[in-house]
Amino acid sequence: MHIIIYLFPALVNYILGGTFFISAYELSVAGHGGFVVTCVVAAWALIYSLVSAIMGKITTVENSARLIVLAALGISASSLIFIFPGIAWQFIGIAAIGVTSAVYCAPFQVFMKDLEPDQDSGVVRPTALYTASWSIGMATGPFIFGMLDRNTGFIINALMGIVMAGSIWLIAKKYQGKRSLRVSRAPGSKTPEEADYSRMPDYAWVGWLVAGVGTIAVSLVRTLIPYRANLLSIGKEEAGMILAVVSYAQAAMAFLLLRSRYWMYKPKPALLIGLSGALALMLFGFGSTASAFFIGALLYGLYSGCIYFYLVFHSLAHPSKSAHYVAVNEMVVGIASVAGALAGGTITQIFNADTSFVLCGIVIVAVTCLQWRIFSLIKSVKHEGIK
């Protein structure tokens, strides 16, 4: 029954994805430059990272459900702000949804892990389902908002927030804290098919590095794809579909990783993943047709699906620091989004959007080489279970 909780990341990120897309696209159509357009994500991310730092200090298993309910109601109220016309109201809404989405995110990850049957080996399942769920939501938001009247879209967002609040309250009342749901096992008692990640090395910091750079790129993709689409006379509907492909491919990759075991500790997958992301950004930078953008979107989705799986996995895998680590995850995502949006907007204003994508692709290659080197050193150390 508690599998239903994985619907909620999809709903929250549907709201965020649609909001980012329509705000960036409308600012672009109104004639604002690349810097102003990228400030949509930057404003959200700045607030999001600051509030995430606070959530890392106050989130516990016991209060996680209450915080999610509060956040869902806040997201509902924040969505209605966007109905008011004018650029000022748009940025007020972005700031408000930055606060409420941060209140939601870290508590939700703690909440979902608490409901898993096995707290040690049961990390891959919530990681994969969570990544797939929010990816589907992030894909569907731009797709639907590309076809809807904007005010209708935001009213639907507000209604979704109310539904989430009531549903999480009911699920928490019935399930949270029921230890009978869990399988309690002594360390080392796993079957050969299972993996006890509580004994594995702590690589959360590598996840922060890799996903941080990937998130810088994501902030460019979410804001500059609508911007470039407008410049290249690619329609709003097609631009929304391109962003949708990024996140649907991300979701598909997350589902494929549902039966993962140890690739998260190996160098070759890291190399292939990074090259996919870099190639995607080159297509976004040099491409001039919708077809090139769709291919880039597919490749980037495969890349981002892996890096976000990696980020969440290494945070949840730690047996005692999960609540702290998932809050750091969200801080990293927020700070990287600010950096990516502001840097990308500045470079786009001085040069062009093509340059922003190409430079970010070069950074991804550099970080991928570093990650490959770090994991190559694992071969000289005998870690249990890595084969």
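No lab work stands behind these numbers, since they all come straight from the coordinates. Everything quoted here is computed from the prediction, not taken from an experiment. No Cβ is skipped: glycine too gets one built from the backbone with ideal geometry, and neighbour counts run over all protein chains shown.
Under a model in which nothing but the beta-carbon of Lys, Arg (+1) and Asp, Glu (-1) is charged, the stretch 1-137 shows a dipole of about 200 debye around its Cα centre. Taking label points 7 Å from Cα along the Cα-to-Cβ direction, residue 233 and residue 159 give a separation of 3.8 nm. A simple spin-label model places pseudo-atoms 7 Å from Cα toward Cβ; at residue 377 and residue 7 they are separated by 4.6 nm. Here each label is just a point 7 Å from Cα along the line to Cβ, and for residue 349 and residue 202 those points are 4.0 nm apart.
Measuring r between the beta carbons of residue 272 and residue 66 and using R0 = 30 Å, the FRET efficiency lands at 0.10.
Taking square-rooted eigenvalues a ≥ b ≥ c of the alpha carbon gyration tensor, is the chain rounded, prolate or oblate, where a/c under 1.5 means rounded and, failing that, a/b exceeding b/c means prolate? Oblate is the answer for the chain, as a/c is 1.5 or above yet b/c matches or exceeds a/b.
When the helices of the chain are scored as -39500 (n - 2.57) per DSSP H run of n ≥ 4 and the total is divided over every residue, the value at 222 nm lands at -26500 deg cm²/dmol.
Taking the Cα centre of the stretch 232-381 as origin and charging only Cβ (+1 Lys, Arg; -1 Asp, Glu), how large is the dipole, in debye to the nearest 20? Dipole size: approximately 720 debye. Computed from the C-beta positions of residue 147 and residue 286, the FRET efficiency with R₀ = 35 Å rounds to 0.75. For the stretch 1-154, what does the alpha-carbon gyration tensor say about shape, rounded, prolate or oblate, given a ≥ b ≥ c as the root eigenvalues, a/c under 1.5 as rounded, and a/b over b/c as prolate? Prolate. The overall shape of the stretch 202-267, judged from the alpha-carbon gyration tensor, is oblate: a/c is not under 1.5, and a/b is no greater than b/c.
Taking the Cα centre of the chain as origin and assigning +1 to Lys and Arg Cβ atoms and -1 to Asp and Glu Cβ atoms, the resulting dipole is close to 960 debye. With R₀ set to 45 Å, the beta-carbon distance separating residue 363 from residue 173 gives a calculated FRET efficiency near 0.45.
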